[in-house]
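A.B. asks: Structure provided below as structure tokens; questions to follow.
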Amino acid sequence: MTVRRTPVTILIRNARVLGGEPTDLLLRDGVIAEIGAGLSAEGAEVVDGTGLVALPGLVDLHTHLREPGREDAETVYTGSRAAALGGYTAVCAMANTSPVADTAGVVEQVYRLGQEAGLVDVQPIGAVTVGLAGERLAELGAMADSAARVRVFSDDGFCVADPRLMRRALEYVKAFDGVIAQHAEEPRLTQGAQMHEGDVSARLGLTGWPAVAEESIIARDVLLAGHVGARLHVCHVSTAGSVEIIRMAKARGVRVTAEVTPHHLLLTHEKAESYDPVFKVNPPLRTDADVEALREGLRDGTIDIVATDHAPHAAEDKECEWAYARPGMLGLETALPIVLDVLGEDWPLIAERMSYAPARIAGLDGHGNALTAGAPANLTLVDPTVRWSVDPTGLASLSHNTPYAGMTVPGRIVATFLRGVPTVLDGKVQK
Amino acid sequence: MKHLLSTADLDAATATEILDIATEMASVSGREIKKLPTLRGRTVVNLFYEDSTRTRISFEAAAKRLSADVINFSAKGSSVEKGESLKDTAWTLQAMGADAVVIRHPASGAPHRLANWVTGSVLNAGDGTHEHPTQALLDAYTIRSRMGRIDGLHVAIVGDVLHSRVARSNVLLLNTLGAKVTLVGPPTLVPTDLNASVQVAYDLDAVLPQADVVMMLRVQKERMTDSYFPSAREYSRRYGLDGARLRRMPAHAIVMHPGPMNRGMEITPEVADSPRSTIVEQVTNGVSVRMACLYLLLGGAR
């Protein structure tokens, strides 16, 4: 593995920025130096962008990198490779590691590992409560003031269920413009839950995870956020009712943002009929009606972003009985293809939902910028004409738990650039 | 038919064939020498992750009466307690040349998973809160032998439907065989979202006069502490089958229970021990029906 540390100048020829007319982009000193037709290639490495769409580097607000603790499932390095190959230039690493990222020390460790990997900017998310136990606040200020400059806090995997603690967390992070990203799941309504509660769970004899367990927490939290004037972000929204509640809250002026995962935009609870835990995820896959409502919410802006909830799991945690399997699916390398499949080639909308908005929510100033002269050279090149078949062992992630195995999806990431340095070229990761 | 995982996999013709074969098997069980050579040289593994003396012994007797070699593998005190995965256990059984694996498991869908990992046949002997196909088949057999038919009958299934694998398998099979099914229980113990082919009632007394068959389900002790209903006494008053309720049923109607019973909870001794009860017959029929299933899966095609 050689790291390209020397500054390079790159000329991308004939790429279509957000699907527009073909143009050249000159990347130099970490920024987009020039954009326009017929730029000089002198002193520059040329990348042929003919037929490719240039997008701002994607930003994932919800990634599980598993390090420290489960380096057999994913590491910051392998997850960074998967991210770069998926067109990402920044990912936010969730706090449910072992040890939990609930101190300045752990978030700085993850941040440093990300810097060393050097393929995407790894922005740690801090835990809201000590050990994700939902009992007392972690040192949120210390994490905010650390080298990792944490702004997003989440107990993801667990809900901050105690309403008083949730209120305090929302209030407290206002001091440094932080945001609480809530995993909305009323734990008393989901004890032993295995899949969406509906006709399929009734037939399969798997304990149901009712939609109301998500919706009741979101309803409570938007009211709390409104009451204390704080920012709330809702992780992995999965039900039509949740979309409706968030739409209502936004209309009332609550500072709430929301994400949806690619898998909740595409897959439904019938997938559980195989009892193959590769389809087990939390929140669970829901109904066609929910998928429709999520797509509509994503189009109309009720849902601000697509986030992957990339959740690698070792083989033994998935090759077992459904009830004993860990929930979660890979997402980084298939997110853009799935979104492309769902939204179609609406490039400005894709850029907003997968780059601009997540960067804004996470407070990542160097990411999610429009591709204009002077902007940081964080971008990715996509070939929308290529359709490819997902092969679990062909993905860069250490784990293979993709729910899309054997599926043919549109859109191939050809190249990705992080501050002007290619992390992916010709579809191959550069380190 | 390769596996028996769910009664949903059985069409009316196949289900009827199993019941017909079971009738022939029953005549073997009535002989002085209760044995057929049909499965000689074949190996049947009983893989039990849950204690279930009744079902295990029934399968064991069925396999032995067909002259199969039977290996009993119980999770307790085995490699499973040492942390062996289902997949590794499957490979072990495979390596030992199991022709059929009869599996009882606390996780719904475990037999479906197992079927991916072994080349032999898999028989679901009860998986979590999902299904118990041979129980439904022996219930159908019992109904047919008592009532002479299944088509057109009205069967009430009463109790903890939500957690009952017996209920799930019976609903599917009885629908296939043309019976009308009504599920009866407190709303907390009936799934929130059922397909339209099943009726749901909350008032047992209103259903009883129209029922040809009343199938009582066991209520697990742990339901009593989890607010599914206020108390065992209240449950008995509203959904227990006692003598007074028995007399509300038509004169020809029968009472079934898959066992083991909570006497005094879902069923009173007066009802359980009455001539209308088929509870002991169900156990007897279980062996014949399981013989028929093993015969079809292992011997029938040869």
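The values are calculated or read from the model by the stated rules, or taken from the named source; none is laboratory data. All values derive from a computational prediction rather than experimental measurement. All Cβ positions, glycine included, derive from the backbone under ideal geometry; neighbour counts span all protein chains shown. Heads up: the accessible areas ignore ligands, DNA and RNA and are worked out on the full protein's heavy atoms, side chains in. Shrake-Rupley method; radii C 1.70, N 1.55, O 1.52, S 1.80 Å.
A.B. asks: Which count do you get for residues in region B:147-180 that are of a type in the set (Gly, Ala, Ser), on the phi < 0 side of the Ramachandran plot and away from every other protein chain (no Cβ under 14 Å)?
C.D. replies: The qualifying residues number 2.
A.B. asks: Condition (residue is over 19 Å from the mean Cα position of the chain (by Cα), among the acidic types (Asp, Glu) and not assigned by TED's automatic domain parsing to the domain that holds B:MET215) applied to region B:190-200: is it met by at least one residue?
C.D. replies: No.
A.B. asks: On to the next question. If you scan region B:171-200, which residues turn out to be in contact with a helix residue (DSSP H, G or I) (Cβ under 7 Å, 6 or more places away or on another chain), modelled with pLDDT under 95 and among the hydrophobic types (A, V, I, L, M, F, W, C)?
C.D. replies: B:LEU194, B:VAL198
A.B. asks: Then there is this: Which of the residues belonging to region B:141-185 are farther than 24 Å from A:VAL200 by Cβ and either in contact with a Cys (Cβ under 6 Å, 6 or more places away or on another chain) or in a helix (DSSP H, G or I) (or both)?
C.D. replies: Residues satisfying the conditions are B:TYR141, B:THR142, B:ILE143, B:ARG144, B:SER145, B:ARG146, B:MET147.
A.B. asks: Of B:LEU194, B:LEU204, B:LEU183, which residue is within 14 Å of chain A (Cβ to nearest Cβ) and surrounded by 20 or more Cβ atoms within 10 Å (Cβ to Cβ)?
C.D. replies: Just one listed residue meets the conditions, B:LEU183.
A.B. asks: Within region A:185-197, restricting attention to residues that are within 21 Å of A:ILE245 (Cα to Cα) and either within 8 Å of chain B (Cβ to nearest Cβ) or in contact with a strand residue (DSSP E or B) (Cβ under 6 Å, 6 or more places away or on another chain) (or both), which residue is surrounded by the fewest Cβ atoms within 10 Å (Cβ to Cβ)?
C.D. replies: Checked region A:185-197; the qualifying residue surrounded by the fewest Cβ atoms within 10 Å (Cβ to Cβ) is A:THR190.
A.B. asks: I need the full set of residues from region A:217-244 which are over 20 Å from A:VAL128 (Cα atoms) and surrounded by fewer than 24 Cβ atoms within 10 Å (Cβ to Cβ), in order please.
C.D. replies: A:ALA240, A:GLY241, A:GLU244
A.B. asks: Hey, another quick one. Take the residues in region A:376-402 that are free of Cβ contacts under 8 Å to residues at least 40 places away in the same chain and of a type in the set (S, T, N, Q); name whichever of them is farthest from A:GLY51 (Cα to Cα).
C.D. replies: Out of the qualifying residues, it is A:THR393.
A.B. asks: For B:ALA15, state whether it is at pLDDT 95 or above, in contact with a Lys or Arg (Cβ under 7 Å, 6 or more places away or on another chain) and not assigned by TED's automatic domain parsing to the domain that holds B:ASP151.
C.D. replies: The answer is no for B:ALA15.
A.B. asks: Quick test of your reading of the structure: A:ALA211 fulfils all but one of (1) surrounded by fewer than 24 Cβ atoms within 10 Å (Cβ to Cβ); (2) more than 11 Å from every other protein chain (Cβ to nearest Cβ); (3) within 22 Å of A:ALA307 (Cα to Cα). Name the failing condition by number.
C.D. replies: (2)
A.B. asks: Looking at B:MET215, B:MET224, which is the one that is outside any loop (DSSP other than H, G, I, E, B), among the aliphatic types (A, V, I, L, M) and either within 14 Å of chain A (Cβ to nearest Cβ) or open to solvent by 20 Å² or more (accessible area, probe 1.4 Å) (or both)?
C.D. replies: Only one candidate passes the filter, namely B:MET224.
A.B. asks: On the basis of being surrounded by 19 or more Cβ atoms within 10 Å (Cβ to Cβ), touching a Leu at 6+ places or on another chain (Cβ under 6 Å) and of a type in the set (Asp, Glu), does A:ASP155 make the cut?
C.D. replies: yes
A.B. asks: Same structure again: Of A:GLU292, A:GLU316, A:GLU296, A:GLU244, which residue is out of contact with any Phe, Trp or Tyr (no Cβ under 6 Å at 6 or more places or on another chain), within 14 Å of chain B (Cβ to nearest Cβ) and among the acidic types (Asp, Glu)?
C.D. replies: Among A:GLU292, A:GLU316, A:GLU296, A:GLU244, only A:GLU316 is out of contact with any Phe, Trp or Tyr (no Cβ under 6 Å at 6 or more places or on another chain), within 14 Å of chain B (Cβ to nearest Cβ) and among the acidic types (Asp, Glu).
A.B. asks: Hey, among the residues in region A:334-358 that are of a type in the set (Asp, Glu) and more than 18 Å from A:ASN378 (Cβ to Cβ), which one's most open to solvent (accessible area, probe 1.4 Å)?
C.D. replies: A:GLU345
A.B. asks: Next up: (1) small (Gly, Ala, Ser); (2) without any contact (Cβ under 8 Å) to a residue 40 or more places away in the chain; (3) crowded, with 24+ Cβ neighbours inside 10 Å: which one isn't true of A:ALA54, the others all being true?
C.D. replies: Unmet condition: (2).
A.B. asks: A follow-up question, please. Are there strands (runs of 3 or more DSSP E) fully within region A:324-431 with at least 2 residues that are touching a strand residue (DSSP E or B) at 6+ places or on another chain (Cβ under 9 Å) and over 29 Å from A:GLY297 (Cα atoms)? List them.
C.D. replies: Passing ranges, in order: A:408-418, A:421-425.
A.B. asks: Here are A:GLY69, A:GLY87: which of them is open to solvent by 30 Å² or more (accessible area, probe 1.4 Å) and assigned by TED's automatic domain parsing to the domain that holds A:ARG326?
C.D. replies: Checking each option against the conditions leaves just A:GLY69.
A.B. asks: Moving on to the next point. When only residues in region B:96-117 that are within 14 Å of chain A (Cβ to nearest Cβ) and over 22 Å from the mean Cα position of the chain (by Cα) count, which is surrounded by the most Cβ atoms within 10 Å (Cβ to Cβ)?
C.D. replies: B:TRP117
A.B. asks: Of the residues A:GLU321, A:GLU316, which is more than 30 Å from A:ASN378 (Cβ to Cβ) and open to solvent by 40 Å² or more (accessible area, probe 1.4 Å)?
C.D. replies: Selected residue: A:GLU316, the only one of A:GLU321, A:GLU316 that is more than 30 Å from A:ASN378 (Cβ to Cβ) and open to solvent by 40 Å² or more (accessible area, probe 1.4 Å).
A.B. asks: Could you please let me know if B:ASP139 is open to solvent by 40 Å² or more (accessible area, probe 1.4 Å), within 22 Å of B:ALA272 (Cβ to Cβ) and away from every other protein chain (no Cβ under 13 Å)?
C.D. replies: Spelling it out, it is not the case that B:ASP139 is open to solvent by 40 Å² or more (accessible area, probe 1.4 Å), within 22 Å of B:ALA272 (Cβ to Cβ) and away from every other protein chain (no Cβ under 13 Å).
A.B. asks: B:PRO250 is checked against (1) outside any strand (DSSP E or B); (2) in contact with a strand residue (DSSP E or B) (Cβ under 8 Å, 6 or more places away or on another chain) and fails just one. What number does that condition carry?
C.D. replies: Unmet condition: (2).
Conditions tested, residue by residue: (1) open to solvent by 10 Å² or more (accessible area, probe 1.4 Å); (2) on the phi > 0 side of the Ramachandran plot; (3) in contact (Cβ under 8 Å) with a residue 24 or more places away in the chain.
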{"position": "A:ALA362", "(1), (2), (3)": "no, no, yes"}
{"position": "A:GLY374", "(1), (2), (3)": "yes, yes, yes"}
{"position": "A:GLY411", "(1), (2), (3)": "no, yes, yes"}
{"position": "A:ALA415", "(1), (2), (3)": "no, no, yes"}
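A.B. asks: From the list A:VAL110, A:VAL128, A:VAL106, A:VAL122, which residue is in contact with a Gly (Cβ under 6 Å, 6 or more places away or on another chain) and among the β-branched types (Val, Ile, Thr)?
C.D. replies: A:VAL122
A.B. asks: Of all residues in region A:250-289, how many are more than 13 Å from chain B (Cβ to nearest Cβ) and buried (at least 18 other Cβ atoms within 10 Å of the Cβ)?
C.D. replies: 19
A.B. asks: When you check A:LEU206 against the structure, is it in contact with a Phe, Trp or Tyr (Cβ under 7 Å, 6 or more places away or on another chain) and at negative phi, yes or no?
C.D. replies: Taking the combined requirement at face value, the residue satisfies it.
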